[in-house]
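**Q** Pasting in a structure now, in structure tokens, and then I'll have a few things to ask.
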Amino acid sequence: MIDLSTEFAGLKLANPTVLASGILGVTRDSLKYVVHQGAGACVIKSISKEERKGHDAPNMHGIEGGFMNAVGYSNAGWKASKEEFSGLKEVGAPVIASIIGKDAQEFAFMAEHFLSDEFAAVEAVLSCPHTPGYGTLAGQGTPESTAEITREIRKRTKLPLFIKVSPDSQPIGEIVKAAEAEGADGITAVNTMGPGIQLNIEARAPVLHFGRGGVSGPALRPIAARCISDIYQSVKIPIMGVGGVTTGHDAIEFMMLGASAVQIGTAIYYRGLDVFRHITDEMSEWMEREGFSSVKELIGIAHV
Amino acid sequence: MKDWLCKNDQPLMLPIQRIEDEAEGVKTYYFSHRLNSRPGQFVMMWIPRLNEKPFSIAYDTGEEFGLAIAAIGPFTQRLAAMKVGDRVGIRGPYGKPFTIVDNAKHVVMVGGGYGVAPLATFAEQLRTKSSKIHFINGARSEHKLLFRDRLAKLDAETYYTTDDGSFGEKGRVTAPLERILKTGSVDFVYTCGPEMMEKAVFDLAEKYNVPSQISIERYMKCGYGICGACSVDGTGQPVCCDGPVVTNEQARTIREFGVHHRKGSGRKEMFA
Ligand SMILES: Cc1cc2nc3c(=O)[nH]c(=O)nc-3n(C[C@H](O)[C@H](O)[C@H](O)COP(=O)(O)O)c2cc1C
């Protein structure tokens with residue numbers, strides 16, 4: 001029997017698979033459903049100060065070997081969302097808040113008003129590539145911005161704080177060092193890459209209404225793997241690996257490179273919500289064959 | 001081994017084959033394409049550079065399919081201005097359909113508005129199983145009643161109700177439904193239409209201990225269980241995949257059924 005349990009910045013996880021932000025996770029009951037399907041923890045859909053409709057549809061699109069999205073941060077705003085994400089004990093696993101802001105002041109506002117101690121941790125997203133005013137399009141992917149935003153949130157919450165970074169922000173080592181220095185407890189790596197463009201040539205139009213979108217899924221995996229490797233060499237705080245994890249073997253790869261847990265998003269598109277069980281089964285089977293007894297033994301053993 | 005990695009959901013750009021008037025303001029757009037849909041499923045229609053919206057499938061003969069659409073918003077108005085030969089993007093079909101339940105020999109279908117169409121398709125299929133079908137079609141008034149021609153061709157006992165009595169029985173669909181249920185001979189109830197109508201139908205079926213299937217419509221963006229917009233409270237399941245058609249057992253656990261739905265931002269809105 002493989003021990004799948006692990007710990008991440010003080011959070012106890014029954015297994016290392018975590019629902020990534022923005023895939024389902026719009027409501028409390030959907031988180032409960034995902035945990036019931038086998039996720040060790042979950043991250044809610046990112047929440048902003050104001051209610052946002054998001055970009056018009058199509059806002060997601062499967063491509064060969066990957067997936068593109070430009071959802072544009074649709075969410076009900078901090079007040080309605082605070083109500084939505086209450087009674088979180090019912091979910092049955094740690095629930096991680098996800099917050100976004102246009103600048104450090106808005107992140108500070110979200111930390112002060114939206115976060116409650118029902119959440120097990122908070123992930124601050126500095127890395128969306130397709131929503132004007134937020135993330136990399138707002139210049140949040142620099143060491144300076146990362147330091148300022150981390151500092152402002154840190155002052156206002158005792159929850160474990162994770163900073164979610166972009167695979168396109170370089171040098172990524174400097175960015176995560178800035179987060180660590182200002183008191184972040186973990187790094188989520190990575191958000192979608194790009195943005196990219198795909199046209200429908202019959203329509204003479206981009207497949208996504210916004211025109212461009214972040215790329216996720218298997219196409220992102222080698223880039224995410226390299227980011228995890230860079231980050232592992234740069235900081236001591238733990239890493240949640242995310243980007244194209246679709247099988248147990250992918251999860252093992254990320255953990256061997258230094259991730260302490262993995263998040264799963266796009267794989268749900270390919271394998272349905274059973275993907276959490278598939279991944280943990282595939283991990284157990286492989287580790288048993290290779291003589292491991294706990295997932296914790298994997299972390300960083302093959303860092304590059 | 002990893003066949004699932006080849007999955008994608010690219011829209012097909014299909015030309016509009018013909019357009020037929022269905023009722024005041026409602027047209028059916030036909031496409032010659034083998035959709036292989038089942039009644040109760042839906043497609044996503046994309047108008048490039050405008051938007052993409054889900055539509056339930058009104059007709060599917062195997063050779064062509066039709067979508068009955070009222071011009072009410074910017075998207076459907078743009079569609080209404082299109083001509084035969086203009087192309088739109090179609091992907092799907094998505095979702096769980098109405099299903100034939102073994103031993104159900106005597107069924108009631110209750111449709112309102114566009115919800116009549118998938119039930120009519122379903123009724124056409126059920127007929128081959130020699131079931132007895134009661135079909136109740138209700139609307140606010142006569143000019144809102146859809147698919148009367150189609151129901152006339154159906155080998156079913158049809159009932160019409162209008163709130164204002166302008167056609168058929170004055171009142172709601174629940175009146176004829178209850179009369180039929182009281183006979184004690186009904187094996188199954190199917191319903192598709194405005195949610196408060198569906199809720200009333202479901203409640204009556206429950207009262208008479210008759211199992212039912214209900215089509216629950218929610219705001220949908222992706223159609224394949226990723227965006228989370230259509231996750232319903234109670235089960236937390238996205239109804240684009242674990243619906244839109246649900247069983248009465250499922251409906252009992254969907255806390256928001258007949259109570260609220262969510263807008264595109266995720267904010268709750270109560271049903272009036
Ligand atoms: C449809 C969709 C919506 C997303 N929304 C968010 C979001 O709101 N906040 C966020 O931090 N990341 C969001 N992401 C990024 C994912 O959390 C994740 O970082 C990325 O997709 C890479 O992981 P994956 O390949 O497992 O999907 C979204 C991704 C997708 C595909």
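**Q** Given labels modelled 7 Å from the Cα in the Cβ direction, how far is it in nm from B:T128 to B:L50?
**A** The modelled label-to-label distance comes out at 3.5 nm.
**Q** Working only with C-alpha atoms, what are the Rg and Dmax values of chain B, expressed in angstrom?
**A** 18.3, 60
**Q** Would you mind checking which residues have amide H under 5 Å from B:D233's amide H? H placed 1.01 Å from N; only 5 or more apart, or other chain.
**A** Correct list: B:E256.
**Q** Working from Cα positions, state the angle (0 to 90°, nearest 10) between the long axis of helix B:195-207 and the longest principal axis of chain B.
**A** Helix B:195-207 sits at roughly 40 degrees to that axis.
**Q** For an R0 of 41 angstrom, estimate the FRET efficiency from the Cβ-Cβ distance between B:E169 and A:R277 and round to the nearest 0.05.
**A** Given R0 = 41 Å and the Cβ-Cβ separation, E is 0.20.
**Q** Would you mind getting me the FRET efficiency between A:K12 and B:V101? Use the beta-carbon distance for r and R0 = 51 Å, nearest 0.05.
**A** Once the sixth-power term is evaluated, E becomes 0.70.
**Q** Roughly how large is the A-B contact in terms of buried accessible area, totalled over both chains, probe 1.4 Å, nearest 100 Å²?
**A** 3500 Å²
**Q** Could you work out [θ]222 nm for the protein assembly as shown from helices alone, using -39500 (n - 2.57) per DSSP H run of at least four and dividing by all its residues? Round to the nearest 500 deg cm²/dmol.
**A** It comes out at -7500 deg cm²/dmol, rounded to the nearest 500.
**Q** Specify the inter-centroid distance of the stretch B:106-133 and the stretch A:235-256, based on alpha-carbon positions, in whole Å.
**A** Between the Cα centres of the stretch B:106-133 and the stretch A:235-256 lies a distance of 50 Å.
**Q** Please enumerate, by chain and number, the aspartates and glutamates with C-alpha under 18 Å from the C-alpha of A:K236, excluding those fewer than 8 residues away in the same chain.
**A** A:E7, A:E123, A:E174, A:E180, A:E182, A:D185, A:E297
**Q** Please report the antiparallel percentage of the DSSP beta bridges confined to the protein assembly as shown, to the nearest 5.
**A** Expressed as a percentage, antiparallel bridges in the protein assembly as shown total about 50.
**Q** Right, here's the next one. Take the residue pairs A:K53/B:K83; A:K89/B:K7; A:K49/A:K155 and return only those whose Cα atoms are more than 29 Å apart.
**A** From A:K53/B:K83; A:K89/B:K7; A:K49/A:K155, over 29 Å: A:K53/B:K83; A:K89/B:K7.
**Q** Residues with amide H under 5 Å of A:E123's amide H, sequence separation 5 or more or different chain, H placed in the peptide plane at 1.01 Å from N; which?
**A** A:A97, A:S98, A:I99, A:F162
**Q** Can you tell which of A:P167, A:P218, A:P132 shows the greatest fluctuation in a Gaussian network model of chain A with Cα springs below 10 Å?
**A** In the Gaussian network model the winner is A:P132.
**Q** While we're here: At a 1.4 Å probe, what is the % contribution of carbon and sulfur to the accessible area of the protein assembly as shown?
**A** On the protein assembly as shown, the fraction of accessible area on carbon and sulfur atoms equals 50 percent.
**Q** Before I look further, what does the protein assembly as shown give for accessible area per residue, probe 1.4 Å, in whole square angstrom?
**A** Solvent-accessible surface per residue comes out at 39 Å².
**Q** Further question on the same structure: Can you list the lysines whose alpha carbon is less than 26 Å from that of B:K170, not counting same-chain residues fewer than 8 positions off?
**A** Partners within reach: B:K132, B:K144, B:K153, B:K182, B:K199, B:K207.
**Q** If you don't mind, there's one more thing I want to ask. In the stretch B:234-272, what residues drop by 50 Å² or more in accessible surface going from the chain by itself to the full protein assembly, probe 1.4 Å?
**A** By number: B:S265, B:R267.
**Q** A further question follows. Using 7 Å Cα-to-Cβ label points, what is the B:H33/A:I63 separation (nm, one decimal)?
**A** Distance between label points: 2.2 nm.
**Q** What are the aspartates and glutamates whose alpha-carbon lies under 17 Å from the alpha-carbon of B:K105, with same-chain residues fewer than 8 places away excluded?
**A** B:E124, B:D155, B:E157, B:D187
**Q** Counting only other residues whose beta carbon sits under 15 Å from that of A:I301, what net charge do I get with K and R as +1, D and E as -1?
**A** -2
The values are calculated or read from the model by the stated rules, or taken from the named source; none is laboratory data. None of these values were measured; they are calculated from a predicted model. Reconstructed Cβ throughout: ideal geometry from the backbone, glycine too, with neighbour counts over all protein chains shown. These area figures cover heavy atoms from the full protein model, side chains too; ligands, DNA and RNA do not enter into them. Shrake-Rupley method; radii C 1.70, N 1.55, O 1.52, S 1.80 Å.
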